[in-house]
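The values are calculated or read from the model by the stated rules, or taken from the named source; none is laboratory data. All values derive from a computational prediction rather than experimental measurement. FYI the Cβ positions are ideal-geometry reconstructions off the backbone, even for glycines, and counts take in every protein chain you see. These area figures cover heavy atoms from the full protein model, side chains too; ligands, DNA and RNA do not enter into them. Shrake-Rupley method; radii C 1.70, N 1.55, O 1.52, S 1.80 Å.
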Amino acid sequence: AQIAEAVIKKAVCKLKGVDKINRSDIAVGTVFKYQPPAFLHFKTPLMQQVFDTVCEADYVVNDNGGITMPEQIKTLLVRMGQSAYQMGIGGLHSTESCQGIVCGPDEELIDIDGTSFYPYWILKCGLFPPNMGDDFQKVYKNFYDLRVAAKKRGDKSIAQTYKIILNGAYGKLGSWFSVLYAPNLMIQVTLTGQLALLMMIESMELAGIPVVSANTDGIVTRCHKDQRATLDAVVAE
């Protein structure tokens, strides 16, 4: 993560034509609101209420420079189908402690995983630390494209290297001592990712495809083979 910070800082400095970028100074007690991107929308009253709760909450910078999860979200348990989900600073999780699933002859478990999930939302939402400006987006997108290309051609070593850079930079958004420090962006990324997964889960359940597990950047569905085209359509959407 420290290498990621150093590499990104150097690249942004080069684009800006400067020798140094200073860390952002954000006071303890600063309150942020989540700013939802326009593509997030929900169909059921339950999820519309969850969405309103997330948007109305106050996200406060704590003594460690991080964000304290508001109580109304910390205690929120989202039940859809046969599963229940909890939101958190780190990501969305289903709440099963232990389960065994045996598929019938016409069913299959399908794992749907987001590639570079949180880095993707940084790019999709056009987020950048204010001290770095839009040059951060140019540098970050280059690393993202290199990672995706390496993964597609099966170059695991290169793909993992860029994965560390991308995820390390995302993690540094919440580090008080980093030049990338921007706790409001950390919240924007994690909440957007969680709400996007919940939007997919909602669509799956409405299509009659049960979701049996979720964890940070993906879900597992129990899909009847006749529903595979429907599942693929939901994922594509």
### Task
Order 224, 41, most accessible first, counting only protein heavy atoms with a 1.4 angstrom probe.
41, 224
### Message
Under a crude label model (7 Å from the Cα following the beta-carbon direction), how far is residue 176 from residue 79 in nanometres?
### Response
4.0
### Message
So if I take the centroid of the Cα atoms in region 173-233 and the same for region 145-171, what is the distance between those two points in Å?
### Response
20
### Query
Averaged over all directions, how much area does the convex hull of the C-alpha atoms of region 12-109 cover when projected, in nm²?
11.6
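Pull out the extension gain between residue 115 and residue 16, defined as 0.36 nm times the separation in residues minus the alpha carbon to alpha carbon distance; nm, one decimal.
Using 0.36 nm per residue and subtracting the Cα-Cα distance, I get 32.7 nm.
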### Query
Based on the mean of other beta carbon atoms within 10 Å per residue, what is the order of 176-183, 138-145, most packed first?
176-183, 138-145
### Task
List every residue whose amide H lies under 5 Å from the amide H of residue 83, counting only residues 5 or more places away in sequence or on a different chain, with H placed 1.01 Å from N in the peptide plane.
none
### Message
Contact order normalised by length for region 1-151, with contacts defined as Cα pairs under 8 Å and 6 or more residues apart; what percent is it?
### Response
20
### Summary
Rounded to whole angstrom, the alpha-carbon centroid of region 50-93 lies from that of region 1-26 at a distance of 31
### Task
Compare 45, 210, 129 in a GNM of the chain, Cα atoms joined below 10 Å, and give the one with the largest fluctuation.
45
### Message
If you scale each eigenvalue of the Cα gyration tensor by 5 and take the root, what three semi-axes come out for the chain, rounded to whole angstrom and sorted largest first?
### Response
33, 23, 14
## Note on the structure
Checked against the positive end of the charge dipole of the chain (+1 on Cβ of Lys and Arg, -1 on Cβ of Asp and Glu, about the Cα centre), the farthest of 84, 193, 130 is 130
#### Entry: 5 angstrom amide H check on residue 174, placed H, neighbours 5+ away
182
### Task
Could you size up the charge dipole of region 1-117 around its Cα centre, putting +1 on the beta carbon of Lys and Arg and -1 on that of Asp and Glu, and report it in debye to the nearest 20?
780
